[in-house]
Amino acid sequence: MASSNSATSVASNSGSPCAACKFLRRKCLPGCIFAPYFPPEEPQKFANVHKIFGASNVTKLLNELLPHQREDAVNSLAYEAEARVKDPVYGCVGAISVLQRQVQRLQKELDQANAELLRYACGEISPTMTGLPVVGPVNLGSYGGGVGRASSIVGHLYQTQAQAQAQGQVQGASIAMPMAFNGSGAWRGGGSNSSANSNASGDQKEGGDSSM
Amino acid sequence: MGSELPCAACRLLHRKCSPDCILAPYFPADQPNKFVIVHKVFGASNVAKMLQILADATREDAVKSLVYEANARLRDPVYGCTNTISYLQGCIQQLQSQLKSTQDQVIDSQEQNNLLLQVYKEMSHTHSSSMNSSFISTTVYQTASMENCQIYNI
């Protein structure tokens, strides 16, 4: 077999070996499966992936996927590998835990805010609490003068609270039906939410709706 | 050693399970699937290398997270557990937006309520004042009437 300096630097298309072949110190052939996804200017990307998953495992994984899925797969592997390099104990599972706690905290805050809004809507927080005489919309007519202003304010308050209550119900419903990421950057409704409750002991989880 | 069962890792790799096998504490013989999953995604040697650099106290958590990631990758070969991260990030954005909106509505309700309180106070004051002036005018009329009666000897 002929070997020359130029042969070692032969790559698929660009003329320089891809980051994977450069790392592995091998010839980067035209059909190199890594070349499209590990450009030579990003050496660390392959270094991380190789360290965590190994070149042969990545090759097997990519060979099982359709060509249009491979870029996303490589990027997610690179993300996980980098997370594992930075946090050798938890990897990106640590990030998932942090995000889950943040979701729980925000949900609790939202529930509290909705409860407070509902208290206004139900009249739990009203002028009657101050001991002042209750002047309902019906009685306002006997006072003349600034009646129009008072009744319009009352009417607007009830209307605003009703709107808020209606919106709160819609928003509450959307939280109860989480969305799923379909991999192309778009969100759609009706996905499963079991992943938020999975643990790190090997239990199954729903990873989304991307399929081979 | 001959009488002891090899760990799940050594059993799968068809090798002798030595007493100081680094994988044995975390891949017991009665949980073979756990190592199968991890080996398929990460490879036995990579797992062993990862555990070697960790302190003993953290290795169990590391294995758990590796099993989690491996499981996720097998279920979703394209995105693995990064799909969960994307989903959670989306939830957070949505919740933050809703929280901001709800908090704005609460503030709006508070302001309207305060305004209504002011109106009620003003109306209450006006009501009291009008009642006092009616009493005064009635008293003046009655007094005037009495005086008129005296003049006309009624």
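The values are calculated or read from the model by the stated rules, or taken from the named source; none is laboratory data. These numbers were taken from a predicted model, which means no experiment stands behind them. A quick note on method: Cβ atoms are made from the backbone with ideal geometry, for glycine too, and the neighbour counts reach across all protein chains shown. We work out accessible area using only protein heavy atoms, side chains counted, and drop any ligands, DNA or RNA first. Shrake-Rupley method; radii C 1.70, N 1.55, O 1.52, S 1.80 Å.
Quick notes on this one:
- Accessible surface buried at the B:A interface totals approximately 6600 Å², computed with a 1.4 Å probe on protein heavy atoms.
- Heavy-atom accessible surface of the range B:1-95, averaged per residue, reaches 47 Å², computed with a 1.4 Å probe.
- By average C-beta atoms within 10 angstrom, highest first, the peptides B:97-108, A:71-82: A:71-82, B:97-108
- Note on B:Gln96 and A:Val98: the model spin-label points, each 7 Å out from Cα along the C-beta direction, lie 1.4 nm apart.
- Cross-link check: pairs A:Lys86/B:Lys40; A:Lys86/B:Lys16; A:Lys51/B:Lys40; A:Lys22/B:Lys34; A:Lys45/B:Lys34 evaluated at a Cα-Cα cut-off of 24 Å; pairs beyond the cut-off: A:Lys86/B:Lys16; A:Lys22/B:Lys34; A:Lys45/B:Lys34.
- Centre-to-centre separation between the Cα atoms of the range B:98-120 and those of the range B:1-48: 63 Å.
- Accessible carbon and sulfur surface of the range B:68-108 relative to its total accessible area, %, 1.4 Å: 49 percent
- Extension gain for A:Gln107-A:Lys86 works out to 4.6 nm (0.36 nm per residue, less the C-alpha to C-alpha distance).
- Residues of the range A:47-102: accessible area per residue with a 1.4 Å probe, Å²: 45 Å²
- Each peptide in B:66-75, B:4-13 receives the mean, over its residues, of other Cβ atoms within 10 Å, and ordering these scores from highest gives B:66-75, B:4-13.
- Local net charge near B:Val36, Cβ-Cβ under 15 Å (Lys/Arg +1, Asp/Glu -1): +4
- Taking 7 Å steps out from each Cα toward its Cβ at B:Ala55 and B:Lys16 produces label points 3.4 nm apart.
- Summarising the label geometry, the points placed 7 Å from Cα in the beta-carbon direction at A:Ala115 and B:Ala48 lie 5.5 nm from one another.
- Summing Lys and Arg as +1 and Asp and Glu as -1 over all other residues whose Cβ lies under 9 Å from the Cβ of A:Cys92 gives a net charge of -3.
- Surface accessible to a 1.4 Å probe, A:Ser16 within the full protein complex, Å²: 50 Å²
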